[in-house]
Every structure is written in structure tokens, then in C-alpha cells.
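The values are calculated or read from the model by the stated rules, or taken from the named source; none is laboratory data. Bear in mind that the values here come from a model prediction, so they are computed numbers and not experimental data. Reconstructed Cβ throughout: ideal geometry from the backbone, glycine too, with neighbour counts over all protein chains shown. Only protein heavy atoms, including side chains, enter the accessible area calculation; ligands, DNA and RNA are left aside. Shrake-Rupley method; radii C 1.70, N 1.55, O 1.52, S 1.80 Å.
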Amino acid sequence: MVVKTIGNGRDVGGLNVGLRNARRYFDRSVAYVELQLGHLHIHCDLSPEFWQKPEITDSRLADWLASRLFHGKAKRAPAPVTMVPLGRNSFRVLPYTLPAASTNAMTRIGPPPTANRPQK
């Protein structure tokens, strides 16, 4: 799932999961989430307001996001981040990368392959 960072323009505070992602990927009976940040594994409590305002905030998460996504940048606008489900309440957090270009026929440039066949 793709989520966005939250912050005040200068500091990163955590992740905004979004209501749709919260309902789809998070279990209401769980009060915490485990995040794998590279070699670091952290346990973040979900606030009671998580289901109305689905945000994960933690100082370790904020520091990791700042170092991976905003290293050397003064302005820190919301940035996309990938969260890969690993289990019931566990996710791997990765910097977002654009998907590879599609190789289907709709993305080809030029006439379809049958257009250049000699007629019999």
C-alpha cells in the first residue's frame, strides 16, 4: 500500500495511512503495529483515534523517514511511502518507487506488428 508522510513542512511526524488502507490492512482488535525499517524493527501503538484519523506517529519512525526521504532537503512536503504487509499487524516500510513501465501492447509506439506483413 502507498501512504504519505505527515509533518509541518519542516519536521516529519509519521505516516498518514488513509481511511481506506486502515480499513483494509489493519485489524481493529490490534492496538499496535510492528514496522520494519531496514534493519530496525519498532513497535508503534495505535492511538484510540486511529480509526477516525489513521496516522502512525513515533519519534523513531519520524527520524528514519527524515533520513531516508528528506536527507538534506529543507522543505519536507508529504511524500509517498510504501508499506508492505508482512503479517497480521506487521509491515515493511520502504521509500516509494515508481512501478516499472508496462510492456503490454497498449504502450507500444508505432503500428501493430501485423500491419507490416506482406499481403499474399
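When 33, 2, 12, 81 are checked against the criterion of being modelled with pLDDT under 85, of a type in the set (A, V, I, L, M), open to solvent by less than 90 Å² (accessible area, probe 1.4 Å) and on the phi < 0 side of the Ramachandran plot, a single residue qualifies: 12.
Just so you know, in segment 42-57 the residues that are closer than 12 Å to residue 16 by Cα and either touching a Cys at 6+ places or on another chain (Cβ under 7 Å) or among the polar types (S, T, N, Q) (or both) include one that is most open to solvent (accessible area, probe 1.4 Å), and it is 52.
If residue 41 satisfies every condition in (1) in contact (Cβ under 8 Å) with a residue 12 or more places away in the chain; (2) under 23 Å from residue 97 (Cβ atoms) but one, which is the exception? Of everything listed in (1) in contact (Cβ under 8 Å) with a residue 12 or more places away in the chain; (2) under 23 Å from residue 97 (Cβ atoms), residue 41 misses just condition (1). Do we find a residue being over 12 Å from the mean Cα position of the chain (by Cα), within 21 Å of residue 98 (Cβ to Cβ) and open to solvent by 60 Å² or more (accessible area, probe 1.4 Å) anywhere in segment 58-71? Within segment 58-71, one or more residues are over 12 Å from the mean Cα position of the chain (by Cα), within 21 Å of residue 98 (Cβ to Cβ) and open to solvent by 60 Å² or more (accessible area, probe 1.4 Å). Going through (1) at pLDDT 95 or above; (2) open to solvent by 80 Å² or more (accessible area, probe 1.4 Å); (3) more than 14 Å from the chain's Cα centre (by Cα) one by one, residue 92 falls short only on (3).
Among the strands (runs of 3 or more DSSP E) confined to segment 1-65, the ones with at least 1 residues that are closer than 17 Å to residue 79 by Cα are located at 2-7, 12-16, 32-37, 55-57.
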